[in-house]
Structures are given as structure tokens and as C-alpha cells.
Amino acid sequence: MSLTPPTEPVPRRSVPLVWAVVIVLVVAGAGVALTAAFLTPGPSSPPGSVTVTDDLGRTVHAPYDPARVVVFGPSIVDLLYRLGLRSHIVGVDCYAASDGGIGLDYSSDQLALWNLSSSMCVQVEPVFVPSMLANLTPTLVLSTTIVSVAGVEQLTQDLGVPLVFLQPPSLSGVLLDAVIVGEIFGVESQAAALNAQLNAELYNATNVTTTLADSGTPLPTVLLTYDVTVGGPYPGYWTYGPGTFGESLLELTGATSISANATTGYPELTPAQVLADQPDWIVYGVGFGLNLSNYSAGPDWSEFHAVTAGNVTGIDSNWLAEPDPTMILEGVPALLAAFHPSS
């Protein structure tokens, strides 16, 4: 008798997009191939605006240096914060208060670091509340695709507010988004400085993995899990499959995922599957109510070789699911240090 598997709990703000970092060497060091075709300021732009092509291929006339910006997606808040643009943000995405409000989409650390409060909420789940956006009188909306693309497009059209989607398909796309934001807000030099930092981390990771490949060093196998089901009919460990940022982070940092051949982007591995593969490392996502005690209560946890060997490490869930500068500046070095401490 076959059982129907449960609906997979895709992690918050998951980004099922293909890994495609392209690194090129330039005289000054490492650079990421970016295309100026995404930025077309100049005569074609209406006065006081910048014409850009966003990550969904939409041509948008964005106001130059907008003072009041609503952001749908923590990854964009992270980018604006690192470019010194936090003061421009007047609103962010939230769930309904009864479902957890702003705390369901932003961690406590993010709320504190970025000085976000419920007064900035624009409810996007389970349904949009147009009045919450209108009341903030934004001059620009920046959005990821964690919200309904059609829904936010219609809402902003009704309000007459320009909308730019920033949803990078790869880590190199994070650098391109920094260029786009730098152009819109007139902070090109800050964007260039940030991209230099990001590119250095990407180059370092690529250099490590290339060295490992050249030397024939076997890559550690890893279970990268973001949630665990302890009881019920389908206990197991939720992980990242092909075409996800979680999977791409392992590839970038010189590791092999035990779910690399999964047929879905976010599969649940049964304890028997993990036992059969016996990964060298287990990396688990923490935050939003999850910590080591949750995972260690999972099925057969103590039987995993990685656990008995002490090769278990926690990592901020935001570093695994958010295509933003922090994923590169914090997540990539953390994984490299765990898998290759001598590199």
C-alpha cells in the first residue's frame, strides 16, 4: 500500500533558482560579469528618473533617489541597509497579525539591526491589504517574488507607483542588483565598494573548490536541513534539492549534497535515506523557533555518523534562503570554515 507524501514545507522566502555564478579575472583582482544592458539612464529616461530593467525583464522608470520606499522581501532590505539606504524605507512586507505579523518574515536579529517595526507593515499574506500600502505614500516599491507578482503589479499600477522586482537568479545576480539599486539611489560608489567585498568572497570560495578539484581531494557529503518533522506518519529532514540556493551554496563551498539527485527542490528525506547516505556533515538552519534541540529530537539523529563525529553545525536560516549580500558575506565563509577549516 503506497502512501501519499505530505506537502513539502518550502522554507520561508525560498528561491528555487539555478546556480550560475560567473567569475572573471581582471587586472585589479576578481570581478563578476555584469551587463550594462540592465541600466539605461540618460536621454530615454523621463526627467528625474532612471530607466532600469529589473530581474523579471521589466523596463521601469524609477524615480531618482526616492525618499519613500516600500520593500517586499528581507533580501532587498539587507541590500539597501548595506548601501546606507535604510532611511529611505518606510514599509516592509508582513503577514497578517493573527498569523505572526512582521515576525513571521523577519527574524528578531533583522528587526533589531534594521530597526523595523509593525508600524511599517504592509500585509501581503494571506491577502494583500491595499490600504496599508497606500497609507505609506511610497514613491517606489521594490519587491522580490515572495509575493504574488500579478497581485503587486496590479496594486502598484492602481496607486501609480513604480515597481522594480529584485529577484536574482544566482549569486552573481546579487551583485547586479547592487548596481541597479546604486543607480536608482545615486550611490554607485557604495555599490561598487560592496560588490568588491562580495566578489572577493565568491572568488575565494571558487579558488578553494578549484584547488580541491585539482588535487583530487574528495568533497564532503552534506545534509543541509532547514526543518525537521519529529513525529507523525512522515518523520524526516527537510532539505534543498537541485535548482535552489541551498544546493548552490554547497557546490560553491566544496561540498556534495546528499539530496543532489532529488526530484523536487525541497524534499523531505526519511531517516532511512539519511542513514543510507551517512553524510560527512550535517548543517542545520537555526532561527524562527528552530535550534539544535529541535533537530536532535529528529528521527535516528544519534545514529548519524556526522553526529557521532561531531561534524554538525548550525547556520542562520537567512543565510540559506535569502539571495542577498549577507548570504555571500556570512553564509559562504561559514560553510567554507566548517567543511575546509585549513583552507
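If you scan region 278-315, which residues turn out to be surrounded by fewer than 18 Cβ atoms within 10 Å (Cβ to Cβ) and among the acidic types (Asp, Glu)?
Within region 278-315, Asp300, Glu303 qualify.
Consider Val124 carefully, then state whether it is surrounded by 19 or more Cβ atoms within 10 Å (Cβ to Cβ) and over 30 Å from Gln197 (Cα atoms). Before you say what the answer is, go through the steps one by one.
On the way: surrounded by 19 or more Cβ atoms within 10 Å (Cβ to Cβ): yes; over 30 Å from Gln197 (Cα atoms): yes.
So Val124 fits the description; yes.
Among the residues of region 179-219, count how many are part of a helix (DSSP H, G or I) and under 23 Å from the mean Cα position of the chain (by Cα).
Matching residues across region 179-219 total 28.
Search region 299-338 for residues being among the β-branched types (Val, Ile, Thr) and either without any contact (Cβ under 8 Å) to a residue 12 or more places away in the chain or touching a Ser or Thr at 6+ places or on another chain (Cβ under 9 Å) (or both), and hand back the single one that is farthest from Thr145 (Cα to Cα).
My answer is Thr308.
Look through region 164-198, keep the residues that are among the hydrophobic types (A, V, I, L, M, F, W, C) and out of contact with any Leu (no Cβ under 8 Å at 6 or more places or on another chain), and return whichever of them is nearest to Met327 (Cα to Cα). Reasoning before the result, please.
Keep residues of region 164-198 that are among the hydrophobic types (A, V, I, L, M, F, W, C), which gives 164-166, 171, 174-176, 178-181, 184-185, 187, 191-194, 196, 198.
Narrowing further to those that are out of contact with any Leu (no Cβ under 8 Å at 6 or more places or on another chain): 192-193, 196.
Working: Ala192: 18, Ala193: 17, Ala196: 15 Å.
The residue in question is Ala196.
Give me a count of the residues in region 85-100 that are under 19 Å from Val179 (Cα atoms) and in a loop (DSSP other than H, G, I, E, B).
Residues meeting the conditions: 1.
In region 240-280, which residues are within 15 Å of Ser170 (Cβ to Cβ) and aliphatic (A, V, I, L, M)?
Leu249, Leu250, Leu252
Being of a type in the set (A, V, I, L, M) and within 23 Å of the chain's Cα centre (by Cα) is the filter here, so list the residues in region 220-273 that pass it.
Correct list: Val222, Leu223, Leu224, Val228, Leu249, Leu250, Leu252, Ala255, Ile258, Ala260, Ala262, Leu269.
Provide a single number: the residues in region 224-239 that are of a type in the set (Asp, Glu) and without any contact (Cβ under 8 Å) to a residue 12 or more places away in the chain. If you could, list the steps in order and put the result at the bottom.
Of all residues in region 224-239, those of a type in the set (Asp, Glu) come to 227.
Those left that are additionally without any contact (Cβ under 8 Å) to a residue 12 or more places away in the chain: none.
Qualifying residue count for the region: 0.
Tally the residues that are of a type in the set (Ser, Thr, Tyr) and closer than 20 Å to Val147 by Cα, restricting the search to region 64-86.
1
Would a scan of region 76-84 turn up a residue that is modelled with pLDDT of 90 or more and more than 30 Å from Gly254 (Cα to Cα)?
Yes, that holds for at least one residue.
Is it true that some residue in region 73-87 is under 16 Å from Val129 (Cα atoms), assigned by TED's automatic domain parsing to the domain that holds Val129, of a type in the set (A, V, I, L, M) and buried (at least 18 other Cβ atoms within 10 Å of the Cβ)?
The answer is no; no qualifying residue exists.
Test of understanding: among Gln197, Gln190, Gln154, which residue is surrounded by fewer than 17 Cβ atoms within 10 Å (Cβ to Cβ) and at pLDDT 95 or above?
Sole residue among the options that is surrounded by fewer than 17 Cβ atoms within 10 Å (Cβ to Cβ) and at pLDDT 95 or above: Gln197.
Counting just the residues of region 127-151 that are of a type in the set (Ser, Thr, Tyr) and farther than 22 Å from Gly57 by Cβ, which one comes out surrounded by the fewest Cβ atoms within 10 Å (Cβ to Cβ)? Walk me through how you get there before you give the answer.
Quick first cut of region 127-151, residues of a type in the set (Ser, Thr, Tyr) only: 131, 137, 139, 143-145, 148.
Next cut, farther than 22 Å from Gly57 by Cβ only: 131, 137, 139.
Values: Ser131: 10, Thr137: 12, Thr139: 16.
In this case the residue turns out to be Ser131.
In region 227-247, is there at least one residue being closer than 20 Å to Val92 by Cα and not aromatic (Phe, Trp, Tyr)?
There is no residue in region 227-247 that is closer than 20 Å to Val92 by Cα and not aromatic (Phe, Trp, Tyr).
The values are calculated or read from the model by the stated rules, or taken from the named source; none is laboratory data. This is a predicted model, so every value here is computed, not measured. Using ideal geometry, Cβ is built from the backbone for each residue, glycine included, and neighbour counts are taken over all protein chains shown.
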